[in-house]
Amino acid sequence: MDFLQNTIASFISLVPVTLAQSLILAFVVLGIMIPFRMLSFPDLTSEGAFPLGGCVCGVLMAAGMSPLPAILIALVAGFVAGCCTAFIHLRFRIHTLLAGILMMTMLYSINLRIMGRSNLSVFGSATVFDWVPGLQPGFPASKIVMAGAFGLIVFALLLHFFRTEKGTAVRAVGANPDMAEAQGINVWLATIGGVGLAGAFSAAGGALMVQSQGFADVNMGLGILINGLAALMIGEAIVGKQSVLRQLAAPFVGAIVYYQLVSFCLAAGMPPPDLKLATGLFVLAMLALPSLKRSRGPAPARETVRE
Amino acid sequence: MLEIQSARKVFYKGQADEKTALNDLNLRLETGEFGVVIGSNGAGKSSMLNAISGALVLDSGKIVINGDDVTAMPVHKRAMRLARVFQDPMKGTAASMTVAENMLLAELRANKRTLRRGLNPARLAAYKERLSLLGLGLENRLDTRVELLSGGQRQSLSLIMAVGGSPELLLLDEHTAALDPRTADIVMQATIRAVEALKLTTLMVTHNMQHAVDFGHRVIMLDAGRVRLEIAGAEKTSITVPDLIGHFSVKTDRMFLAS
């Protein structure tokens, strides 16, 4: 009884901090969802684009740049990284996953080069979270408001875009690239643009994270991909993915629920080193579920993944 | 008008299994003409269609559509001028998208895509009307994902998508071969209605000799990557299935079955 009370008490005290964190990381989940679901392009770039955004933002803030332009430049850097991954895949016919691994490995060195060392403190620099009126800077509430506002804007813009003529064309590239091409859609442009956009969101998440935690670290992306994937799976399980609206809401809902779950596990005394194993097993279970449901027959030949 | 001028394509050049798919092929299809292409497997029918659509890059030769040389254009640029229905119903539609979204993609084939909302009420009404012509009930399933439709419904949708917007050239790649006889008949009738109503310049590849006899203005028989025989005019109207089969140098079981 005592254990339960302690667990719940420490969980509840962590809710605001966790919520702030999850709203920031929702951008990374978005950056994983767009290539994976909208373009059928399983992409690993976010593991490198997230720290890239953080490092770029950190260096710019340390140099005295104001926080919003720093985020925007980080966003552009992430966009370029995503474009590179897509280009490697399209031009050299390298599998999307391998292209992503190449990119994130190379980005590690690039991130180190950008920062000049493995971590950089920007504590005390102005951040976008200081701008929330009526709240004391540095507290979770201002982060929740600011990150939530950014999230809402991005959500609304994406929801509009994927229902426009251009956005429908981008989704067609994911649904059936041969058909999309035969309908006059430039598959290269849509893929490069889409994966670039995803990289931009991952980098924006990294930049916001750096402003939130007050330091940038080249290792801050470690394991972010599997966390994001777990969040996406949870989100899709809750809101579904049958329509553009649901598919776009899934990353946000998933990020919020997933990080609360993690926080609960930690509050219940789960050793942090076990977290990755638990997350990995969870993602595996979610991915395996459809094939387990489909009776005891042999596993399907393979999922249709673009090569 | 479609012109293919001495198109040449060799696969696996210089290797032991070198294969000449198109051997200086020449073909001319007048505006509004309906050509039916027959030939045994490996005669170059698919290669020819792929060369026209841009999916296959020629070693040499030219593809001209309505006077414009499109040889150097990629598939998505040529899509402004031509539409294609594939043999495989899966290929011509986006399975995870709805019927209406697929119609939208087809409508925008020849147009510039904007940042305005895609599926507006006016469009939905227009799609409903066009789909109702098929008589398959697709007009009431605009929000259904295409993957939930039957093969025949998907192929009918592909056809409606292809003929919408009156493309300068319509390519039909054995588009009824994967369907059961009754559905194949429905799709074929819908094809003929659309082609005649819109006076489309059409090139249809088929293994069904009865279709070759019944439809089109001209039968074009391919063999070893070139045109072996063309039958048009009065000769076309009087030809029979056995006549056509007699022209095949390699008779495959599939053709006997199809006839």
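Readers should treat all values here as calculations from the given coordinates under stated rules, not as data from a laboratory. All figures in this text were calculated on a predicted structure; none of them were measured in a lab. Reconstructed Cβ throughout: ideal geometry from the backbone, glycine too, with neighbour counts over all protein chains shown.
With contributions of -39500 (n - 2.57) from each DSSP H run of at least four residues, the per-residue ellipticity at 222 nm computed over chain A stands at -24500 deg cm²/dmol. Seen through its C-alpha gyration tensor, with square-root eigenvalues sorted a ≥ b ≥ c, chain A comes out oblate because a/c lies at 1.5 or above while a/b is not bigger than b/c. Mean separation of Cα pairs under 8 Å and 6 or more residues apart, divided by the residue count, gives the range A:221-301 a relative contact order of 29 percent.
To make sure I understand, if each residue's beta carbon is the centre and we count other beta carbons within 10 Å, what order do A:ILE153, A:ILE73, B:ILE65 fall in, fewest to most?
Fewest-to-most ranking of A:ILE153, A:ILE73, B:ILE65: A:ILE153, A:ILE73, B:ILE65.
Restriction of the trypsin sites (Lys or Arg not before Pro) in the range A:116-203 to DSSP coil positions whose beta-carbon has at most 16 other beta-carbons within 10 angstrom yields A:ARG117. Taking the longest Cα principal axis of chain B as reference, the axis of helix B:121-132 is set at about 50 degrees. For A:LYS276, the aspartates and glutamates whose Cα comes closer than 17 Å to its Cα, not counting residues fewer than 8 places off in the same chain, are A:GLU47.
Looking at the protein assembly as shown, send over the antiparallel percent of its DSSP beta bridges, to the nearest 5. Restricted to the protein assembly as shown, the bridges split so that about 60 percent are antiparallel.
Nearest 5 percent is fine: what portion of the DSSP beta bridges confined to chain B is antiparallel?
Numbers: 21 of 37 bridges.
Counting only bridges with both partners in chain B, antiparallel ones make up about 55 percent.
Distance between the 7 Å Cα→Cβ label points at A:ILE226 and B:ASN111: 4.8 nm.
Would you work out the relative contact order for chain B, in percent, from Cα pairs under 8 angstrom that are 6 or more residues apart?
Details: 469 pairs, mean separation 69.9, N = 259.
Worked out over chain B, it gives 27 percent.
For chain A, a Gaussian network of Cα nodes joined below 10 Å ranks A:THR164, A:THR127, A:THR45 by mean-square fluctuation, and the top entry is A:THR164. Here's the list of lysines a cross-link from A:LYS166 could span, going by alpha-carbon distance under 26 Å and ignoring same-chain residues fewer than 8 apart: A:LYS241, B:LYS77, B:LYS91, B:LYS112, B:LYS128.
Ranking A:HIS89, B:HIS76 by Cβ neighbours within 10 Å, fewest first, what do you get? Display every interim value, and only then the final one.
Details: A:HIS89 25, B:HIS76 20.
Exposure proxy ranking, most exposed first: B:HIS76, A:HIS89.
Between A:MET286 and A:PHE92, the modelled label-to-label distance comes to 3.1 nm, taking each label 7 Å out from Cα in the direction of the beta carbon. The loop-placed trypsin sites (Lys or Arg not before Pro) in the range B:1-74, going by DSSP, that have at most 10 neighbouring Cβ atoms within 10 Å of their Cβ come out as B:LYS13.
Need one number for the range B:69-123: average projected area of the convex hull over its C-alpha atoms, nm². Before the final figure, lay out the partial values.
Values: hull surface 20.2 nm².
Projected over every direction and averaged, the Cα hull of the range B:69-123 covers 5.1 nm².
All other residues whose Cβ lies under 10 angstrom from that of B:THR20 are scored, Lys and Arg at +1 and Asp and Glu at -1, for a net of +2.
Pairwise Cα distances in the range B:104-212 exceed 22 Å in 34 percent of cases. The trypsin sites (Lys or Arg not before Pro) of the range B:109-183 that meet both conditions, a loop assignment by DSSP and at most 12 other Cβ atoms within 10 Å of the site Cβ, are B:LYS112, B:ARG116.
In chain B, helices alone account for a calculated mean residue ellipticity at 222 nm of -9500 deg cm²/dmol, with every DSSP H run of four or more residues adding -39,500 (n - 2.57). The region of chain B that goes longest without hitting one of the GluC sites (Glu not before Pro) in a DSSP loop, each with at most 16 other Cβ atoms within 10 Å, is B:31-259.
Straight-line cross-link partners of B:LYS13 among the aspartates and glutamates, defined as a Cα under 15 Å from its Cα and at least 8 positions apart when in the same chain: B:ASP59.
On a per residue basis, the convex hull of the C-alpha atoms belonging to the protein assembly as shown measures out at 195 Å³.
Helix check for chain A. Which DSSP H runs span at least 30 Å along their own axis by Cα, with a mean Kyte-Doolittle hydropathy no less than 0.5?
Working: long enough: A:2-33 (41 Å, 1.67); A:67-92 (37 Å, 1.81); A:140-161 (31 Å, 1.81); A:187-213 (39 Å, 1.16); A:244-267 (35 Å, 1.45).
Sorted by number, the helices that extend far enough and score high enough are A:2-33, A:67-92, A:140-161, A:187-213, A:244-267.
Highest mobility in the GNM of chain B, judged by mean-square fluctuation with C-alpha springs under 10 Å and restricted to B:PRO181, B:PRO121, B:PRO74, is found for B:PRO121.
Contact order, relative form, for chain A: 34 percent (alpha carbon pairs under 8 Å, 6 or more residues apart, mean separation divided by residue count).
Put in line by how crowded their Cβ is, counting other Cβ atoms within 10 Å and starting with the fewest, A:ASP274, B:ASP88 read A:ASP274, B:ASP88.
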